[in-house]
Amino acid sequence: MKRLSKAQIEYLEEKYKPGTIVELIHMDDPLAPPEGTRGKVFGVDSLGDILVDWDNGSHLKIITEVDSCRIIFQEEVTA
């Protein structure tokens, strides 16, 4: 698996801020939550994987080069 660049990881951290609600489209893991499961992002790790607390209790991360999800809701932060 190819490592993501620092800029790519920073982009993911900006896009998937903690509190963002995502919906699983596909996860290449036999223990994956069902497609359509929603969850709340709690971070992006140093490899660029999206860390999610899924509504079904699972904590499997989205491996950005293999799995996919879509953003359902993201709070807008105003300064």
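The values are calculated or read from the model by the stated rules, or taken from the named source; none is laboratory data. Everything numeric in this text was worked out from a predicted model, so none of it was measured. So basically every Cβ, Gly included, is an ideal-geometry build from the backbone, and we count neighbours across all protein chains shown. When the accessible area is computed, the model is the full protein with side chains, heavy atoms only, and any ligands, DNA or RNA have been set aside. Shrake-Rupley method; radii C 1.70, N 1.55, O 1.52, S 1.80 Å.
Being of a type in the set (D, E, K, R) and within 14 Å of residue 24 (Cβ to Cβ) is the filter here; which residues of the stretch 50-74 pass it?
Let us first name the residues in the stretch 50-74 that are of a type in the set (D, E, K, R), namely 53, 55, 61, 65, 67, 70.
Across the stretch 50-74, the qualifying residues are 53, 55, 61, 67, 70.
Select from the stretch 44-53 the residues that are in a loop (DSSP other than H, G, I, E, B) and either in contact (Cβ under 8 Å) with a residue 40 or more places away in the chain or surrounded by 15 or more Cβ atoms within 10 Å (Cβ to Cβ) (or both) and write down the one among them that is farthest from the chain's Cα centre (by Cα). Let's see the steps before the verdict.
Going residue by residue through the stretch 44-53, those that are in a loop (DSSP other than H, G, I, E, B) are 45-49.
Imposing the further condition that a residue be either in contact (Cβ under 8 Å) with a residue 40 or more places away in the chain or surrounded by 15 or more Cβ atoms within 10 Å (Cβ to Cβ) (or both) reduces the set to 47-49.
Details: 47: 12, 48: 9, 49: 7 Å.
Only one residue fits best here, namely 47.
Table: residues versus (1) of a type in the set (S, T, N, Q); (2) more than 21 Å from residue 72 (Cβ to Cβ); (3) out of contact with any His (no Cβ under 6 Å at 6 or more places or on another chain).
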| site | (1), (2), (3) |
| --- | --- |
| 3 | no, yes, yes |
| 11 | no, no, yes |
| 19 | no, no, yes |
| 22 | no, no, yes |
| 27 | no, no, yes |
| 31 | no, yes, yes |
| 35 | no, no, yes |
| 43 | no, no, yes |
| 46 | yes, yes, yes |
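Kindly indicate whether any position in the stretch 16-39 is in contact (Cβ under 8 Å) with a residue 24 or more places away in the chain, part of a helix (DSSP H, G or I), of a type in the set (D, E, K, R) and more than 12 Å from residue 68 (Cα to Cα).
no
Every residue in the stretch 1-43 that is touching a strand residue (DSSP E or B) at 6+ places or on another chain (Cβ under 6 Å), of a type in the set (A, V, I, L, M) and open to solvent by less than 60 Å² (accessible area, probe 1.4 Å), please.
Listed by number, the residues that qualify are 12, 21, 22, 24, 41.
Has the stretch 57-74 got any residue that is out of contact with any strand residue (DSSP E or B) (no Cβ under 8 Å at 6 or more places or on another chain) and open to solvent by 90 Å² or more (accessible area, probe 1.4 Å)?
No, the stretch 57-74 contains no residue that is out of contact with any strand residue (DSSP E or B) (no Cβ under 8 Å at 6 or more places or on another chain) and open to solvent by 90 Å² or more (accessible area, probe 1.4 Å).
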